[in-house]
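What follows is a short report on a single structure.
The values are calculated or read from the model by the stated rules, or taken from the named source; none is laboratory data. This is a predicted model, so every value here is computed, not measured. When we count neighbours, we look across all protein chains shown, and the Cβ atoms used for this are built from the backbone with ideal geometry, even at glycine.
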Amino acid sequence: MSQELQTCIVDRVGQIIFNRPETRNGLVPQFIGQVMEVIKAYDADPGVRVITFTGNGPDFSSGGDKAFLREVQKMTPDEVQKNVYGFFQGVVRMIKLCSKPTVAIVNGAAVGTGCDIALATDFRVVSKKSFFHENWTAIGCIPPLGAMYLLPRLIGMERAANMIMRAQRVYGEEAVRIGLATHLAQDEVKLLDEGQAFAKDLACRSADALRAAKVALRRSMEGTLAGEWEFNLLQQGRLLAGPDYAAAIDAIEAKRTPTY
């Protein structure tokens with residue numbers, strides 16, 4: 001793994017840190033491929049309960065690397081689809097479909113693909129200086145990575161249209177107010193610590209229950225109520241017969257916190 005991507009596991013939280021500060025954590029296919037490898041490894045590692053994403057330097061990610069954007073201009077549509085979006089859409093898809101909870105700790109700017117990576121996570125922790133920017137229409141494109149599906153469901157159609165069609169930035173306080181982000185840190189200095197504390201709290205919970213809840217929530221965005229009743233009952237029956245439920249009931253009776 002190159003120095004451009006830093007990883008570590010602390011308190012059952014697998015950290016992924018973009019380390020290209022000289023480009024404001026600009027993204028290129030090779031780098032994204034490395035990110036995908038780490039996500040896959042963390043998803044398969046029973047010692048990892050939660051995965052976090054953040055960026056070194058002042059920004060989470062400025063989106064596509066500026067030099068790379070010039071290269072894309074010379075590619076054919078087939079080359080763009082296979083060589084670019086196989087990675088750019090691939091990493092967003094992998095985060096969304098990951099079986100473990102994911103948290104974006106958004107320092108500074110999350111622009112373009114960087115914004116879409118943050119949107120694909122289950123939770124977003126921000127400071128007042130953090131902002132989300134779907135800048136695609138400002139450069140003559142549209143968001144192709146899932147934002148036009150996810151944003152209306154997170155914040156409503158009109159707010160999503162403002163972000164996408166008018167390329168409006170949404171800063172930390174507003175992001176929390178409208179449901180685009182989950183937690184507002186006291187200040188940017190404490191952002192990383194509060195984001196990791198948020199992830200550690202998730203990691204203390206039943207991994208099996210979190211996995212089932214994540215699948216059910218994703219299905220609920222696309223399915224029917226009748227279908228979700230059936231799926232959730234099947235999952236609940238399995239969970240009630242499992243070790244985590246037994247540990248929780250024992251802990252309740254003993255008046256202590258359960259350990260999973």
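Determine if region 84-105 includes at least one residue that is at positive phi and at pLDDT below 95. Taking every residue of region 84-105 in turn, none turns out to be at positive phi and at pLDDT below 95.
Of all residues assigned to region 115-123, at least one qualifies as being part of a helix (DSSP H, G or I), β-branched (Val, Ile, Thr), buried (at least 23 other Cβ atoms within 10 Å of the Cβ) and at pLDDT 95 or above. If only residues of region 223-254 that are acidic (Asp, Glu) and closer than 30 Å to residue 153 by Cβ are counted, the one that is modelled with the highest pLDDT is 244.
Quick check, is residue 25 surrounded by fewer than 19 Cβ atoms within 10 Å (Cβ to Cβ) and assigned by TED's automatic domain parsing to the domain that holds residue 172? Spelling it out, it is not the case that residue 25 is surrounded by fewer than 19 Cβ atoms within 10 Å (Cβ to Cβ) and assigned by TED's automatic domain parsing to the domain that holds residue 172. Among the conditions (1) surrounded by 15 or more Cβ atoms within 10 Å (Cβ to Cβ); (2) touching a Gly at 6+ places or on another chain (Cβ under 7 Å); (3) not in a strand (DSSP E or B), the only one that residue 51 does not satisfy is (3). Looking across 55, 33, 64, one residue alone is at pLDDT 95 or above, in contact with a strand residue (DSSP E or B) (Cβ under 9 Å, 6 or more places away or on another chain) and among the small types (Gly, Ala, Ser). It is 55.
When residues in region 37-48 are screened for being in a helix (DSSP H, G or I) and among the small types (Gly, Ala, Ser), 2 of them pass. State all residues of region 217-232 that are within 27 Å of the chain's Cα centre (by Cα) and either surrounded by 11 or more Cβ atoms within 10 Å (Cβ to Cβ) or assigned to a helix (DSSP H, G or I) (or both); if no residue qualifies, say none. If the condition is that a residue be within 27 Å of the chain's Cα centre (by Cα) and either surrounded by 11 or more Cβ atoms within 10 Å (Cβ to Cβ) or assigned to a helix (DSSP H, G or I) (or both), then 217, 218, 219, 220, 223, 225, 227, 228, 229, 231, 232 are the ones that fit. Answer yes if at least one residue in region 98-108 is out of contact with any strand residue (DSSP E or B) (no Cβ under 6 Å at 6 or more places or on another chain), in contact (Cβ under 8 Å) with a residue 12 or more places away in the chain and under 23 Å from residue 148 (Cβ atoms), and no otherwise. Within region 98-108 (the criterion being out of contact with any strand residue (DSSP E or B) (no Cβ under 6 Å at 6 or more places or on another chain), in contact (Cβ under 8 Å) with a residue 12 or more places away in the chain and under 23 Å from residue 148 (Cβ atoms)), the answer is yes, since at least one residue qualifies. Sub-7 Å Cβ pairs linking a first residue in region 236-260 that is more than 22 Å from residue 48 (Cβ to Cβ) to a second residue that is exposed (fewer than 14 other Cβ atoms within 10 Å of the Cβ), at least 6 apart or interchain, are 251/257, ordered by first then second residue. Summed over region 233-260, the residues that are among the polar types (S, T, N, Q) and not in a helix (DSSP H, G or I) give a count of 2. Per the listing 103, 126, the residue uniquely more than 20 Å from residue 34 (Cα to Cα), crowded, with 24+ Cβ neighbours inside 10 Å, in contact with a Leu (Cβ under 9 Å, 6 or more places away or on another chain) and of a type in the set (A, V, I, L, M, F, W, C) is 126. Within region 136-179, being surrounded by fewer than 22 Cβ atoms within 10 Å (Cβ to Cβ), outside any helix (DSSP H, G or I) and modelled with pLDDT of 95 or more holds for 156, 166, 167, 168, 169, 171, 179. Residue count for region 71-100 satisfying the condition of being in a loop (DSSP other than H, G, I, E, B) and either of a type in the set (D, E, K, R) or surrounded by 19 or more Cβ atoms within 10 Å (Cβ to Cβ) (or both): 3.
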